[in-house]
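Undergrad: A single structure is presented below for examination.
Each value in this text was obtained by applying a stated rule to the coordinates, not by laboratory testing. Values in this document were obtained by computation on a predicted structure and should not be read as measured data. Note: ideal-geometry Cβ built from the backbone for every residue, glycine included; neighbour counts use all protein chains shown.
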Amino acid sequence: MQKPLLDFIPKSASPLIENLLKYDGLILKIKKERKTRHGDYKPLSNGKHQITVNSNLNPYRFLITLIHEIAHFEAYKNYGRLIKPHGMEWKRTFQHLMLPFLNPEIFPNHLLPLLAKHFINPKASSDTDVQLALALKDYDEPNDKTFIFEVPLGQTFRLYNGKVFKMGKKRVKRFECVEVKTGRLYLFNPNAEVELINNANE
């Protein structure tokens, strides 16, 4: 296993991860932060397979993302390229690969019930599981971002891409927000991170 990877995952997970990455032709690259994804997998034209994971993730989110992408590789290898990216084959593979990691030697005790619940039916992104995403956020480096669910009604905020929105009302699970420039309505997950704007200065 490449040495830098040990700096990104919980130490107790390294033997299990080393075993999952032992395949010939499987390339792992650790990338700078990408705002739209934590990681990805793709088969290469030369017959090899590449997995990438963002370097800015905390150890627990990095580990989950890495196994998520390894599951894509395993599902491709076992079921072929015509399966749905996050279909049943991938879900079952992800569940199977993740199971040995769900123990208190690797994850903090308070994360384990949330992970167990999430992996009953894993989603395309753990970010859509609000409770799990918020719990994982506790292990991130401090920043000046605010969660959508903490933004007051009528407050303006900015996304990473520079777009400015005004906070609206909550629907069942998500929040209505209006893009200031276009007037278009968007729905945000409660755990989306945004930068508050001082309305008095706008």
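Undergrad: With just the Cα atoms defining each centre, how far is the range 66-145 from the range 11-56? Give it in Å.
TA: 14 Å
Undergrad: What is the dipole size for the chain, taken about its Cα centre, with +1 at each Lys and Arg Cβ and -1 at each Asp and Glu Cβ, in debye to the nearest 20?
TA: The calculation lands at about 740 debye.
Undergrad: Further question on the same structure: Spelling out what I want: for every residue of the range 76-90, take phi, set θ = phi - 60°, compute 6.51 cos²θ - 1.76 cosθ + 1.60 (Karplus), and round to whole Hz; glycine and proline get x.
TA: With coefficients 6.51, -1.76 and 1.60, one gets 4, 5, 8, 10, x, 8, 8, 6, 5, x, 10, x, 4, 4, 5 Hz.
Undergrad: Just rank Arg61, Arg34, Arg184, Arg174, fewest to most, by other beta-carbon atoms within 10 angstrom.
TA: Placing the least packed residue first, the sequence is Arg184, Arg34, Arg174, Arg61.
Undergrad: Return, for the Cα atoms of the chain, the radius of gyration and Dmax in Å, separated by a comma.
TA: Over the chain's Cα set, Rg and Dmax evaluate to 18.8, 58 Å.
Undergrad: Filter the chymotrypsin sites (Phe, Trp or Tyr not before Pro) in the range 136-202 down to the DSSP loop ones having no more than 15 other Cβ atoms within 10 Å, then list what survives. Show your work: numbers first, answer last.
TA: Working: sites: Tyr139, Phe147, Phe149, Phe157, Tyr160, Phe165, Phe175, Tyr186, Phe188; in loops: Tyr139, Tyr160.
Within the range 136-202, the qualifying chymotrypsin sites (Phe, Trp or Tyr not before Pro) (loop, at most 15 other Cβ atoms within 10 Å) are Tyr139, Tyr160.
Undergrad: So what is the calculated 222 nm ellipticity per residue for the chain, using -39500 (n - 2.57) for each DSSP H run with n of 4 or more, over all residues, to the nearest 500 deg cm²/dmol? If you can, show how the numbers build up before the last one.
TA: On the way: 5 runs with 54 residues, N = 202.
Helix-only estimate at 222 nm: -8000 deg cm²/dmol.
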